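**Q** Okay, handing you the structure first.
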Amino acid sequence: MKVITIAGARETGKTTIAKQLIKEARSVLVFDANNNYPELQLVRMDQITPAGKQRVISQEFELFMKVASKQKNKIVVFEEATIFFSGRVSEQDFKSLVISCRHYNVMLIFIFHSIMDIPKFVLRQTNFLYLKKTGDMDTDVKYTRNRNVFAAWQKAMSDPDPYHTEIVKVV
């Protein structure tokens with residue numbers, strides 16, 4: 001089980017990376033807040049099946065977290081993860097999700113718009129951080145207290161390619 005976090009400003013290719021990561025998977029569940037995955041079957045929370053590639057568009061964040069924690073052998077994508085972590089999900093709830101997903105071979109992918117939006121408790125559980133250009137300032141990135149994250153962010157920010165990605169092994 002892996003936790004992958006993707007951070008980048010709008011229109012830098014975050015969803016493209018997530019789609020590449022799930023391309024070969026047999027079983028995927030996406031919380032599709034912005035309707036970015038129209039190629040996946042749209043289902044309601046009560047219609048999620050153990051296999052197949054499905055997406056949910058809902059405002060029931062807490063219910064999606066519970067559903068995600070009960071998946072097995074699947075990739076679960078939290079598109080627009082910021083909405084889950086803006087006062088809705090506690091550190092304990094997140095730890096429970098990660099423990100459950102480790103138990104059941106579930107890869108978690110979280111997509112954020114900036115490094116500052118990533119709660120420290122999410123970053124501490126992240127195996128790989130995909131960094132793109134963000135609107136963060138130096139001081140924002142330094143809060144991670146991770147030299148590798150800061151160095152990768154500096155590379156991504158200085159690269160002239162607007163879609164450049166740096167990958168950092170965090171844990």
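The values are calculated or read from the model by the stated rules, or taken from the named source; none is laboratory data. Quick caveat, the model's predicted, so the values are computed rather than measured. Methodologically, a virtual Cβ is constructed for each residue, glycine included, from the backbone with ideal geometry; neighbour enumeration extends over all protein chains shown. Quick note on the areas: whole protein, heavy atoms, side chains included, nothing else; ligands and nucleic acids left out. Shrake-Rupley method; radii C 1.70, N 1.55, O 1.52, S 1.80 Å.
**Q** Any residue in region 56-78 that's surrounded by 21 or more Cβ atoms within 10 Å (Cβ to Cβ): show its pairings with residues that are at pLDDT 90 or above and part of a loop (DSSP other than H, G, I, E, B) at Cβ separation under 6 Å, as long as the two are six or more apart or on different chains.
**A** These pairs meet every condition: Ile75/Ala25.
**Q** Applying the selection to region 15-33, what residues are of a type in the set (Asp, Glu) and open to solvent by 40 Å² or more (accessible area, probe 1.4 Å)? Write out each step before concluding.
**A** As a first pass, look at region 15-33 and keep what is of a type in the set (Asp, Glu): 24, 32.
Once the filter is applied, which keeps residues that are of a type in the set (Asp, Glu) and open to solvent by 40 Å² or more (accessible area, probe 1.4 Å), region 15-33 yields only Glu24.
**Q** Out of all the residues in region 79-90, which are open to solvent by 70 Å² or more (accessible area, probe 1.4 Å) and either charged (D, E, K, R) or part of a helix (DSSP H, G or I) (or both)?
**A** Answer for region 79-90, where residues must be open to solvent by 70 Å² or more (accessible area, probe 1.4 Å) and either charged (D, E, K, R) or part of a helix (DSSP H, G or I) (or both): just Arg88.
**Q** Let me ask something else about it. Kindly indicate the residue of region 138-164 that is over 15 Å from Ser114 (Cβ atoms), part of a loop (DSSP other than H, G, I, E, B) and of a type outside the set (Asp, Glu) and also most open to solvent (accessible area, probe 1.4 Å) among those meeting that condition.
**A** Here the answer is Arg145.
**Q** Let me ask something additional. Could you check region 57-92 and list, in sequence order, the residues that are aliphatic (A, V, I, L, M), modelled with pLDDT under 95 and within 24 Å of Lys23 (Cβ to Cβ)?
**A** Ile57, Val67, Ala68, Ala81
**Q** Go through (1) outside any helix (DSSP H, G or I); (2) without any contact (Cβ under 8 Å) to a residue 24 or more places away in the chain and name the single condition Arg10 misses.
**A** Here Arg10 clears every test but (2).
**Q** Are any of the residues in region 111-121 open to solvent by 50 Å² or more (accessible area, probe 1.4 Å) and either more than 26 Å from Asn35 (Cα to Cα) or in contact with an Asp or Glu (Cβ under 8 Å, 6 or more places away or on another chain) (or both)?
**A** Yes, region 111-121 has at least one match.
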